[in-house]
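Notes follow once the structure below has been shown.
Derivation of every value follows stated rules applied to the coordinates shown; laboratory data play no part. None of these values were measured; they are calculated from a predicted model. All Cβ positions, glycine included, derive from the backbone under ideal geometry; neighbour counts span all protein chains shown.
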């Protein structure tokens with residue numbers, strides 16, 4: 001909220017509304033004279049978000065949409081530009097904790113990973129057909145997997161022996177094929193062998209980096225003069241895209257100011273909520289005219 005400075009009467013957008021955690025606070029800040037538009041690629045989040053926003057009062061609308069299509073959504077609502085925008089990238093805790101969604105390597109369920117279960121190929125379908133070289137590239141670029149080629153070979157060999165259709169099957173293959181050593185430092189977290197692979201597959205299945213690039217491209221045009229945007233990323237590839245776009249916009253005069261460094265969760269916050277440990281928030285403010 002400090003980065004966005006939403007004022008009474010403002011028009012604001014939550015690009016990843018989820019269960020309306022950010023949206024509720026934004027709607028409270030803009031008040032009865034303001035307006036909020038919430039987007040989510042996962043239609044299953046919208047009923048809960050609507051329930052929470054309805055309790056707040058104020059004007060809002062929710063849309064089952066990818067944020068890459070933000071300009072069209074704004075136009076459909078009679079809005080040209082907005083005062084503030086937030087995008088909280090990646091998946092939500094609710095999605096991770098639902099075993100049926102297939103996002104978690106600690107909960108057994110179908111290997112789905114689609115944020116929108118009404119369309120697209122599942123992670124199991126992608127794993128069944130993706131060439132080994134392409135898989136290795138995805139593991140390296142999307143999962144920061146240090147042994148991308150070795151892991152890709154391991155998964156191709158596993159699928160040749162049988163289907164990889166559940167999260168338990170995939171995690172089991174990775175646990176058997178890789179070492180998992182505890183990190184000696186007390187303030188560091190050790191990484192499960194499946195963590196990077198699950199991340200890479202999720203990003204690949206949902207085309208997350210391509211969608212983010214689309215949002216960053218249209219962002220200056222949807223912000224009013226002086227408008228602000230805040231983007232929270234959880235993956236190094238996402239953060240690089242945001243940092244590059246904001247710095248480029250600052251150099252070209254599109255943005256008047258950007259966050260010099262990403263805002264991070266404190267150690268106490270990370271202890272209370274380990275999922276926040278990789279979160280990075282960057283903000284940008286458009287020029288005033």
TODO: Rounded to the nearest 10 degrees, what's the angle between the helix 236-252 long axis and the longest principal axis of the chain, both from Cα atoms, 0 to 90?
DONE: 30
- [ ] Find the relative contact order for the chain and round it to a whole percent, using C-alpha pairs within less than 8 Å whose residues are 6+ positions apart.
- [x] 17
- [ ] Arrange 134, 145 by Cβ neighbour counts within 10 Å, fewest through most, would you?
- [x] 134, 145
Open item on the list: If you fit an axis through the alpha-carbon atoms of helix 132-143 and take the longest principal axis of the Cα set of the chain, what angle between them do you get, 0 to 90°, nearest 10?
Closed with: 50
- [ ] Note the angle between two axes, namely the Cα long axis of helix 208-222 and the longest principal axis of the Cα atoms of the chain, as a number of degrees from 0 to 90, rounded to the nearest 10.
- [x] 10
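Sorting 118, 65, 76 on the 10 Å Cβ count, fewest up front, what's the list?
On the way: 118 9, 65 19, 76 13.
Exposure proxy ranking, most exposed first: 118, 76, 65.
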- [ ] Would you mind telling me the antiparallel percentage of the DSSP bridges in the chain, rounded to 5?
- [x] 40
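Need one number for the chain: average projected area of the convex hull over its C-alpha atoms, nm². Working shown, then result.
Details: hull surface 62.7 nm².
Its Cα hull, projected and averaged over all orientations, spans 15.7 nm².
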